[in-house]
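*Asks:* I am attaching a structure below and will ask some questions about it afterwards.
A short reminder: the numbers here are calculations on the coordinates, not readings from a lab. Since the structure is predicted, the reported quantities are computational estimates derived from the model, not experimental observations. Virtual Cβ from ideal backbone geometry, glycine too; neighbours counted across all protein chains shown.
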Amino acid sequence: MDSRLAAALPGTVKELCPGASGDFSCIHKDALKLKPEDLGWEEEFSLVSNLPYSAAVPIILHLLSSFPALSSFLVLVQKEVGERMCAKKGGKNYGIPTLKLSWFGKAKILEKVPRTVFWPVPHVDSVLVEFKRDQKFQDMREETFELVDKAFNSRRKALKNSLSIEGSILEKAKIDPLLRPESLSICDFKRIAELSCQSGIQTAM
């Protein structure tokens, strides 16, 4: 967090864009700890940000899970991070960021941003990523994300080994147990999570 920048922003906005200064407010807080009450409104809103490259994905996932009214975003991130966020199923960049972000909606790379537009010139290139929320799921997020983490912690293993679940569950989900995790969509993982919970309840009974 940059205290000097936070202190300077209100005066900068008033000087350079006086018509907007009445609508501007600066919240000086860790984005990973931001809560709905910090914003003070419940209306639908969008995020436009040059995110800290080292924490871009955790910040985005925190905001999407904590703020149901966040309907879209346009963010600048490191090129490799953007490629993981928007990867296609089965590709080498497809993984945990792709799947967890797809739970909330659809992301795509709008434009590549070369390192030469910055000063001083960094050692990485950047991309603009656009996202639009799609409320297709309502429950089982925690259980599904836990399965995603488990599968990709051993992404070279077949699902029957990496997930350590009963083969009958994958069979009921109509998923080949010999597949690797990058072959599955977020819908596939959610289906496995649902069947795993149902199996657990039946066993307990």
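*Asks:* Quick one: check the C-alpha center-to-center distance for the range 76-118 versus the range 8-39, whole angstrom.
*Replies:* Spelled out, the Cα-based centre of one part sits 28 Å from the other.
*Asks:* Where does the longest stretch of the chain lie that holds no trypsin sites (Lys or Arg not before Pro) found in a DSSP loop with 14 or fewer other Cβ atoms within 10 Å?
*Replies:* 30-87
*Asks:* Could you work out how far apart the two model spin labels at THR116 and LEU9 are, taking each label as a point 7 Å from the Cα in the direction of the beta carbon, and quote it in nm?
*Replies:* 3.2
*Asks:* At a Cα cut-off below 28 Å, give the lysines reachable from LYS112, other chains included and same-chain residues fewer than 8 away excluded.
*Replies:* Within the straight-line cut-off, LYS112 pairs with LYS79, LYS88, LYS89, LYS92, LYS100, LYS132.
*Asks:* Let me ask something additional. Give the angle, between 0 and 90 degrees and rounded to the nearest 10, that separates the Cα long axis of helix 3-16 from the longest principal axis of the Cα atoms of the chain.
*Replies:* 60
*Asks:* With unit charges on the beta carbon (Lys/Arg positive, Asp/Glu negative), name the residue among PHE137, SER185, PHE104 whose Cα is farthest towards the positive pole of the charge dipole of the chain.
*Replies:* SER185
*Asks:* Computed FRET efficiency, Cβ-Cβ of SER154 and ASP30, R0 35 Å: what is it to the nearest 0.05?
*Replies:* Efficiency for this residue pair is about 0.65.
*Asks:* What number of lysine-lysine pairs in the range 141-199 show an alpha-carbon separation below 14 angstrom, given a sequence spacing of 8 or more or placement on distinct chains?
*Replies:* Here the count comes out as 6.
*Asks:* Here's a follow-up. If I fit a long axis through the Cα atoms of helix 186-204 and take the longest principal axis of the Cα atoms of the chain, what angle between them do I get, 0 to 90°, rounded to 10?
*Replies:* 50
*Asks:* Out of the chymotrypsin sites (Phe, Trp or Tyr not before Pro) in the range 97-205, which ones are loop residues according to DSSP with at most 15 other C-beta atoms within 10 Å?
*Replies:* Filter output for the range 97-205: PHE118, PHE137.
*Asks:* Per DSSP H run of at least 4 residues, take -39500 (n - 2.57); add these up for the chain, divide by its residues and hand me the 222 nm value, nearest 500 deg cm²/dmol.
*Replies:* Helices in the chain give a 222 nm mean residue ellipticity of -12000 deg cm²/dmol.
*Asks:* Continuing with this model, one more query. Nearest 5 percent is fine: what portion of the DSSP beta bridges confined to the chain is antiparallel? Could the numbers behind the result be given before it?
*Replies:* Values: 15 of 21 bridges.
Given both bridge residues lie in the chain, the antiparallel proportion sits at roughly 70 percent.
*Asks:* To the nearest 20 Debye, how big is the dipole of the range 1-92 about its Cα centre, given +1 on the beta carbon of each Lys and Arg and -1 on that of each Asp and Glu?
*Replies:* The calculated dipole for the range 1-92 is roughly 560 debye.
*Asks:* With +1 on each Lys and Arg Cβ and -1 on each Asp and Glu Cβ, how big is the dipole of the chain about its Cα centre, in debye rounded to the nearest 20? Please report the intermediate quantities before stating the final value.
*Replies:* Details: 29 positive and 26 negative charges, 183 e Å.
So the dipole magnitude of the chain works out to roughly 880 debye.
*Asks:* If you place +1 on the Cβ of every Lys and Arg, -1 on the Cβ of every Asp and Glu, and leave all else neutral, what size is the dipole of the range 141-199 about its Cα centre, to the nearest 20 Debye?
*Replies:* That gives a dipole near 220 debye.
*Asks:* 7 Å from Cα along Cα→Cβ at both ASP23 and SER66: what's the point-to-point distance in nm?
*Replies:* My value for the distance between the label points is 2.5 nm.
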